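Presented below is the structure to which this report refers.
Every read-out reported here was derived from the displayed coordinates using simple, explicitly stated rules and does not represent laboratory data. This is a predicted model, so every value here is computed, not measured. In this analysis, Cβ positions are derived from the backbone assuming ideal geometry, glycine residues included, and neighbour counts consider all displayed protein chains.
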Amino acid sequence: MVSGSVEKRNNSLQSWAVIFLGMVITPALLPAQISLSTVVDLAQRNSSAVRLAQADLQKAVASLAQTQDAYIPNFGIGSTIGYSHGFPTGQPSVGSASMQSLVLSFSQRQYVKAARAGIDAANLSLKDAREQVALDASTAYIELDDVNRELESTRQQVAFASRLTAIETERVEAGVDPHSDLLQADLTAAQLKLKRLHLETRAGVLDQQLAALTGLPTGSITPDHASIPEIPTISATEAPRSLPGIDAAAALALSKLNQAKGDDLLWRRPQIGFGAIYNYDSDELNSYSTYYKNFTPSNVSFGLQVTVPFFDFSLRAKAKESAAEALRAKVEAEQAQHQNDAQISELTGSLRELDTLAEIASLKQQIASEQLHSVLAQLELGGGAASGSGTAQLSPKAEQLARIDERQKFQESLDAGLELSKARLGLLRALGHMQDWLDELHGK
């Protein structure tokens with residue numbers, strides 16, 4: 001008896017321990033509501049596009065340092081110890097030190113300007129990448145929030161359709177409705193199940209996108225609808241602000257132009273360099289003192305090297321290549337500006353249409369809601385025939401059909417609002433007002 005009670009007590013303790021662990025661990029595994037501003041911040045820190053832009057900026061800074069350091073003398077030491085028999089074929093340097101630097105170069109000035117313009121382009125590209133990531137994260141987050149709301153609405157529709165099928169089955173068996181009505185109810189239920197599967201798939205894709213952007217585990221993000229601020233309205237009639245992407249293309253074109261100027265001056269202008277060498281020589285393993293009189297261990301040489309190009313066709317060809325690259329970069333910058341102007345025009349036209357469509361969808365949803373209330377009121381009063389109004393009495397299936405229709409109009413309103421939000425965010429980005437949206441996020 002004692003052992004039995006002890007065993008029961010141990011089992012009870014184990015059960016409570018399992019329950020406690022479940023209470024502790026389960027919340028950590030469940031998706032948590034994360035605000036839109038948090039998602040955008042995580043995306044801007046974790047995005048591969050932003051990290052690549054940061055690497056390009058580091059490379060541009062190092063390139064400028066390398067270009068400027070050409071004027072700083074470098075210093076190196078070495079040794080070429082070896083044995084030779086007979087006439088010495090090499091210098092018997094036990095130790096050597098050398099120094100060299102650039103003194104005057106007309107090309108180097110242009111290369112420095114090109115490197116500085118390259119840093120400007122990299123900084124602007126980084127800003128552009130951060131804005132694009134913010135746009136991508138915001139769009140995916142808002143769409144996931146809408147899809148989740150549609151999915152919940154569709155699940156309600158599935159429940160209403162299941163109830164409608166049960167009602168039609170009873171009415172067909174009672175001989176009130178034809179069998180085709182039951183088939184129609186089954187078709188409606190199947191279509192809603194397919195729609196639910198489609199929305200679940202889309203929600204999974206959006207969740208994967210947000211996970212890749214933010215670095216959070218898949219399935220750990222639940223949108224907080226209250227954290228989504230109203231998107232600022234803006235008109236295309238306002239003058240566009242400077243766009244980081246276009247400014248980066250212009251800065252890159254300037255960098256290429258300076259690089260081309262430097263390459264052109266390289267074969268047109270002289271160049272002066274400085275060099276110095278110190279050698280400590282020894283003839284222990286060689287016979288230098290036999291063949292060379294006045295042999296001394298320590299030897300120093302220094303001077304200026306002047307290079308005047310006359311016939312260097314490779315440098316001329318390189319200058320032509322750089323000029324072509326500069327022209328291409330200039331055309332690409334102009335093309336980026338033209339594409340952005342075309343996008344602004346397209347988004348402006350789409351925005352007017354989407355605004356009207358969203359208004360229509362909202363009105364349809366309100367009408368469907370009012371019709372549902374009317375059906376519920378008539379069913380509660382027992383139908384028009386019972387009240388002597390001469391109106392045919394409503395059947396129970398009318399309620400389910402009205403509920404399904406109201407939810408459908410609600411989802412259409414959400415879809416129209418989502419497309420409108422995407423267009424507004426795109427126009428903000430195209431007009432250079434993306435920072436306004438980021439300010440809205442942080443002020444929410």
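Structure notes:
- Isotropic mean projected area of the C-alpha convex hull, the range 289-444 (nm²): 26.0 nm²
- The residues Lys293, Lys256, when put in order of fewest to most other Cβ atoms within 10 Å, stand as Lys293, Lys256.
- Point-to-point label distance, Phe106-Ala166, nm (Cα→Cβ direction, 7 Å offset): 9.3 nm
- Each residue, Ser287 and Ile360, gets one label point 7 Å from its Cα in the Cβ direction; the gap between the two is 10.5 nm.
- Once each of the GluC sites (Glu not before Pro) sitting in a DSSP loop with at most 12 other beta-carbon atoms within 10 Å is removed, the chain keeps 1-229 as its longest stretch.
- Near Asn258, once Lys and Arg are set to +1 and Asp and Glu to -1 for all other residues with Cβ below 13 Å from its Cβ, the sum equals +2.
- Neighbours of Ser180, meaning other residues whose beta-carbon lies under 15 angstrom from its beta-carbon, give a summed charge of -3 when Lys and Arg score +1 and Asp and Glu score -1.
- Cβ-defined net charge surrounding Ser105, 14 Å radius [Lys, Arg +1; Asp, Glu -1]: +2
- Calculated FRET efficiency for the pair Ile277/Arg316, C-beta based, R₀ 35 Å, to 0.05: 0.65
- Using a Förster distance of 45 Å, the FRET efficiency for Gln58-Arg149 (Cβ separation, nearest 0.05): 0.60
- C-alpha long axis of helix 434-443 to longest principal axis of the chain, angle in °: 60 degrees
- Matching the structure-derived mean projected area of the Cα convex hull in nm² against the labelled list (i) 28.0; (ii) 48.4; (iii) 19.6 gives the label (ii).
- At full extension, Val331 and Ile367 could sit 7.6 nm farther apart than now, given 0.36 nm per residue minus the alpha carbon distance.
- Residue order, fewest to most surrounding Cβ atoms within 10 angstrom, among Ile246, Ile234, Ile404: Ile234, Ile246, Ile404
- Sites excluded, chymotrypsin sites (Phe, Trp or Tyr not before Pro) in DSSP loops with at most 13 other C-beta within 10 Å, longest stretch of the chain: 84-291
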